[in-house]
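Before any comments, here is the structure.
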Amino acid sequence: MLPRARHKWLPTSGSLNFAAANVWQSGANPLPIIQPPGRRSTFATEAFNAEQDGPSNNYEKYLSSKLMDAFEPSKLSVRDISGGCGSMFAISIVSKAFKGVSMIQQHRMVNEVLADEMKEWHGVQLNTGAE
């Protein structure tokens, strides 16, 4: 009979990431996170890396300014993750405006502010949080 492995669920520290926010570990060997060739990060890290420099193109700056005006966030990251064509964005925002509001309602609030722009997008990765 094989020995029974002890499994545990361990949160990682640092910025959140759908692929790496929680790492399933069996003993001391975490499962690998697979990244497609040529990608600089895993699926959702763009939305959660608010520590990066500010917006890199004019449309990102425009979206950032709309969100700044609406929510006065303490942290904001807007990244074009479509490869530069402006059809998909990763947005991370932390604001006092979200305090006591459910995550679904927070997302609806952001969607309302960006409704006109989102009509032209293919998709959005949205992470919101309250201060």
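What to note about this one:
- Label zone at residue 87 (point 7 Å along Cα-to-Cβ), backbone N below 19 Å, the range 94-131: 116-126
- Restraint check, 75/99; 66/119; 61/96, Cα-Cα greater than 23 Å: none
- Theoretical gain in end-to-end length, residue 121 to residue 96 [0.36 nm per residue, Cα-Cα removed]: 6.3 nm
- Given a 1.4 Å probe and the protein chains as shown, residue 118 ends up with an accessible area of around 50 Å².
The values are calculated or read from the model by the stated rules, or taken from the named source; none is laboratory data. It should be emphasised that the depicted structure is a prediction, and the values quoted were computed from it without experimental measurement. Virtual Cβ from ideal backbone geometry, glycine too; neighbours counted across all protein chains shown. Areas reflect the complete protein model, heavy atoms only, side chains present, ligands, DNA and RNA absent. Shrake-Rupley method; radii C 1.70, N 1.55, O 1.52, S 1.80 Å.
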